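The values are calculated or read from the model by the stated rules, or taken from the named source; none is laboratory data. Because the structure is predicted, anything quoted here is derived from the model rather than measured. We place every Cβ from the backbone using ideal geometry, glycine too, and count neighbours over all the protein chains shown. Heavy atoms of the whole protein, side chains included, go into the accessibility calculation; ligands, DNA and RNA do not. Shrake-Rupley method; radii C 1.70, N 1.55, O 1.52, S 1.80 Å.
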Amino acid sequence: MTQLQTDLAHLRNEKAKAEQKLRSCQHREKILERQMSELNRRERVHRLCTRAGMLENFLVCPGELTDDQVMELLKISFRQPEVVLALAKMVHDLHERSNVQNPLE
C-alpha cells in the first residue's frame with residue numbers, strides 16, 4: 001500500500017509541476033500577445049505618419065486647410081478615372097504577386 005501512496009504522491013507532484021508550467025506558459029502567451037499588439041500599433045502609426053507626410057508634400061499651405069477640406073480634395077482626386085484605374089492596377093498587381101501560382105501547373 002505504501003508503494004501506491006508513493007506513486008500517487010509522485011503523480012500529484014507531476015500534476016502540480018505541469019499545472020505550474022501551464023500557468024507560466026499562459027502568462028508568457030499574454031505577454032507576447034501584448035507585445036504583438038504594441039508592434040502592430042507602432043507599425044500602423046508609422047505608416048499613417050509617413051503617408052500623411054507624403055500628402056502634405058502635395059498640399060499648398062497644409063496647416064491652413066481644415067480636415068474637411070482635405071477630405072473633399074481627396075474625394076475629388078480619387079474619383080478621377082486615371083486615379084481609379086491606377087489604383088485598381090496597383091491592387092491587382094499586388095494580388096498577383098502575393099498569389100504566386102505553382103510553376104508545375
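Provide the per-residue ³J(HN,Hα) series for segment 37-44, in order, calculated from phi with Karplus coefficients 6.51, -1.76, 1.60 and θ = phi - 60°, each as a whole number of Hz, with x at glycine and proline positions. Those phi angles translate into 4, 5, 5, 5, 5, 4, 4, 5 Hz. The orientation-averaged shadow of the Cα convex hull for segment 13-105, equal to a quarter of the hull surface, comes to 12.7 nm².
Ranking of L55, L4 by solvent-accessible surface, largest first: L4, L55 (1.4 Å probe, protein heavy atoms only, all chains present). What you get for the chain, charging only the Cβ of Lys and Arg (+1) and of Asp and Glu (-1), is a dipole of about 660 debye around the Cα centre. Put +1 on the Cβ of every Lys and Arg and -1 on every Asp and Glu Cβ in the chain; which of H27, P62, L4 then has its Cα farthest towards the positive end of the dipole? It is L4, whose Cα lies furthest towards the positive end. Rounded to the nearest 10 degrees, the angle from helix 81-98 to the longest Cα principal axis of the chain is 30 degrees.
Across all Cα pairs in segment 22-72, the calculated P(r) in 5 Å bins from zero up to the longest distance comes to 4, 17, 14, 14, 10, 9, 9, 7, 6, 5, 4, 1 percent per bin. With respect to the chain, whose longest principal axis is taken over its alpha-carbon atoms, helix 67-79 is tilted by about 80°.
Comparing T50, S77, A88 along the charge dipole axis of segment 20-105, the residue lying farthest to the positive side is T50, per the Cβ-charge model.
Karplus-based coupling profile of segment 16-28, in residue order and whole Hz: 4, 5, 5, 5, 5, 5, 4, 4, 4, 5, 5, 5, 4, with θ = phi - 60° in 6.51 cos²θ - 1.76 cosθ + 1.60 and x standing for Gly or Pro. Close amide H contacts of L59 (hydrogens built in the peptide plane, cut-off under 5 Å, sequence separation of 5 or more or a different chain): none are found.
Close lysine pairs were tallied over the chain: pairs 8 or more places apart or on different chains with Cα atoms under 24 Å apart number 4.
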